[in-house]
Amino acid sequence: MTSNNIAGTQPQVALNPDVIIRAEVATDADAIGLLTQLAFAPVVHSSGTEQFIVAALRRADRLAISLVATSGLELIGHVAISPVILSTKESGWYGLGPLSVHPRWQKQGVGSALVHAALARMRELQIKGCVVLGDPVYYARFGFKTWPGFSLPDVPAEYFQALTFGCDVPRAEVSYHAAFLATE
């Protein structure tokens, strides 16, 4: 990874040296929408609304962290981090996702680099923890795991995982911002 890597962290995989991870800028919004739509199009469990979710989070000012991966002038990856709501009313917890990588760049370390950069940024911000809804095998490599009593209603427990940054995981139900219901 280049010296432009967010937070100066190195990914755990070899990454094309032309790939740069940086914070989203306003002019990235349309490209992020197109990328997200393209990345999720072949995904069986996708609702097909992920691009609308990202746009709705942006409009609601709920993108706490939004990172992109670029190669040259091409935007090839994106990760969104937004606050989640705990039934205990405890603050400081965030959700990772959607995570999008252009199909041509998948399985080349771009998604992993984005996740590592996002987690490093959350640690810098002293966030308590992060949740993710996704493939348990993929996210376990970053330290995510299931926690008894910490759940997302109506979702199989193995697909909802959390990672803490030095705090205890509360016994709570988690909910995402209303932007995750966006359909356009």
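The values are calculated or read from the model by the stated rules, or taken from the named source; none is laboratory data. From a predicted model like this one, the values you see are computed outputs, not experimental measurements. For neighbour counting, all protein chains shown are included, and Cβ atoms are generated from backbone atoms with ideal geometry for every residue, glycine included.
For the range 122-156, a residue qualifies if it is aliphatic (A, V, I, L, M), surrounded by 15 or more Cβ atoms within 10 Å (Cβ to Cβ) and in a helix (DSSP H, G or I), and exactly one does: MET122.
Those residues that are farther than 15 Å from GLU74 by Cα and either touching a helix residue (DSSP H, G or I) at 6+ places or on another chain (Cβ under 9 Å) or in contact (Cβ under 8 Å) with a residue 60 or more places away in the chain (or both), I need them from the range 98-110; list them, please. Across the range 98-110, the qualifying residues are PRO98, LEU99, GLN108, GLY109.
Which residue out of LEU57, LEU63, LEU67, LEU35 is in a loop (DSSP other than H, G, I, E, B), of a type in the set (A, V, I, L, M) and either crowded, with 19+ Cβ neighbours inside 10 Å or within 16 Å of the chain's Cα centre (by Cα) (or both)? Reasoning before the result, please.
On the way: LEU57 fails: in a loop (DSSP other than H, G, I, E, B); LEU67 fails: in a loop (DSSP other than H, G, I, E, B); LEU35 fails: in a loop (DSSP other than H, G, I, E, B).
Every option except LEU63 fails the conditions.
Applying the selection to the range 73-97, what residues are free of Cβ contacts under 8 Å to residues at least 24 places away in the same chain and on the phi > 0 side of the Ramachandran plot? Within the range 73-97, LYS89 is the sole residue that qualifies. Kindly list, by first and then second residue, each pair from a residue in the range 171-184 that is in contact (Cβ under 8 Å) with a residue 24 or more places away in the chain to a residue that is of a type in the set (D, E, K, R), limited to pairs with Cβ atoms under 8 Å and residues at least 6 apart or on different chains. Correct list of pairs: ALA172/GLU90; HIS177/ARG62; ALA179/ARG59; ALA179/ARG62.
If you check ALA113, ALA31, ALA64, ALA14 for being out of contact with any helix residue (DSSP H, G or I) (no Cβ under 7 Å at 6 or more places or on another chain) and at pLDDT below 95, only one passes: ALA14.
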